[in-house]
Amino acid sequence: MTRAARAFAGLSPNVRGALWMTASALAFTVMTTLIKFLGEGYSAGLQTFYRQAAGFVILLPIILRHRSAAFATSRPGLLVFRAGAGTLGTMLSFYAFQNMPLADANALSFTRSLWLVPLAAFVVGERIGSLRIFAALAGFAGVLIMIRPGAGGEFALGLPALAMLASSFLFALTVTGMKVLTRDHAPTVLLVWAAALGLVFSVPGALISWAWPTPTDLALLSLMGVMGTATQAFYIRGMAAGDAAAMAPVDYIRLVFAAAVGFLLFAEVPTVWTLVGAAVVVASTLFITWREHAVSRAAERASAA
């Protein structure tokens, strides 16, 4: 073990988790920057294909090593649905990142946590209290603040904002499906199915707007896909290392990164509506995260007593 590795291992779990979460935010920012930079020449559908292809290539050694065990499942229908929702959600989010300021798109992407509240009640059958319902409603009020007022006060809800909201809903569906599937599936099986089916489902969208990339663009598209996979890997490591309630606020640092990159590279200046609405959404999702953490801890203490 190197000196740096020993120093990292000596840090507290929450500090290690925060570093992993910061790395995830940086990887996500690189990915979204490349999505926007390459948006003029490559459609959201084509970019999604390259994103899924990179993820599949990274998981290919695991698939070859475990073969049939990597695809072992008793619920293929749910896995197919989850992969389809995830692929469509990715495509819609890429479209939003291409056509919206990065800070605005990032802020709307956090509504995934808000969608999880009604989905937890209707799909998983969880009981949700009045505080979580109020927090979710407050968060959606923050969305209205971001997307409704514009210059002069006109209604400013466009296709990119709708695409990001729909994408967040679809990603919430995949998270809800994951909660169900993890009861009898290993995480590796879920990753392999998502990567393999995601690649297959992304082919039609890529063929509709197919364009052969230049060597430079191919390298950038591949880097975009690798950064997408790294984002997920670093996020999982961060959540595993640290306390979930402590890690959740760190994830919002990507709003700062997105605003900085948008300003420096694309001359994007967040409006006051974006800042106010994003603050409401962030506060609401943080409250939901902390509330769920507190309830989970209380249940663990009750079961141990």
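What follows is calculated from the coordinates using simple rules that are stated; it is not laboratory data. Note that the structure is predicted; figures quoted are calculated from it, not measured. In this analysis, Cβ positions are derived from the backbone assuming ideal geometry, glycine residues included, and neighbour counts consider all displayed protein chains.
Here the 3J(HN,Hα) profile of region 254-265, calculated from phi with Karplus coefficients 6.51, -1.76 and 1.60 at θ = phi - 60°, is 5, 5, 5, 4, 5, 5, 5, 5, x, 6, 6, 9 Hz, Gly and Pro shown as x. Rounded to the nearest Hz, the phi-derived 3J(HN,Hα) couplings of region 57-62 under the Karplus curve 6.51 cos²θ - 1.76 cosθ + 1.60 (θ = phi - 60°) are 4, 5, 8, 4, x, 5, where x marks glycine and proline. What FRET efficiency, computed as 1/(1 + (r/R0)^6) with R0 = 51 Å and r the Cβ-Cβ distance, is obtained for E40 and R301, rounded to the nearest 0.05? The formula returns an efficiency of 0.40 here.
Once you reduce region 61-83 and region 9-30 to the center of their Cα atoms, the two points are 29 Å from each other. Label-to-label distance for V15 and L218 is 4.5 nm, based on points extended 7 Å past Cα in the beta-carbon direction. Per residue, the average separation of C-alpha pairs within less than 8 Å and at least 6 apart gives the chain a relative contact order of 41 percent.
Of the options (1) 46; (2) 31; (3) 27, only one is percent of Cα pairs over 31 Å apart as computed from these coordinates, and that is (2).
Per-residue ellipticity at 222 nm from helix content only, as computed over the chain with -39500 (n - 2.57) for each DSSP H run of at least four residues, stands at -27000 deg cm²/dmol. Residues of region 219-238 with backbone nitrogen within less than 19 Å of a virtual label 7 Å along the Cα-to-Cβ line of L60, please, listed as ranges. Correct set: 219-230. 3J(HN,Hα) along region 75-85: 9, x, x, 5, 5, 5, 4, 5, 5, x, 5 Hz, from the Karplus curve 6.51 cos²θ - 1.76 cosθ + 1.60 with θ = phi - 60°, whole Hz, x for Gly and Pro. Using 0.36 nm per residue and subtracting the Cα-Cα separation, the extra length available between A141 and A211 on full extension is 21.2 nm.
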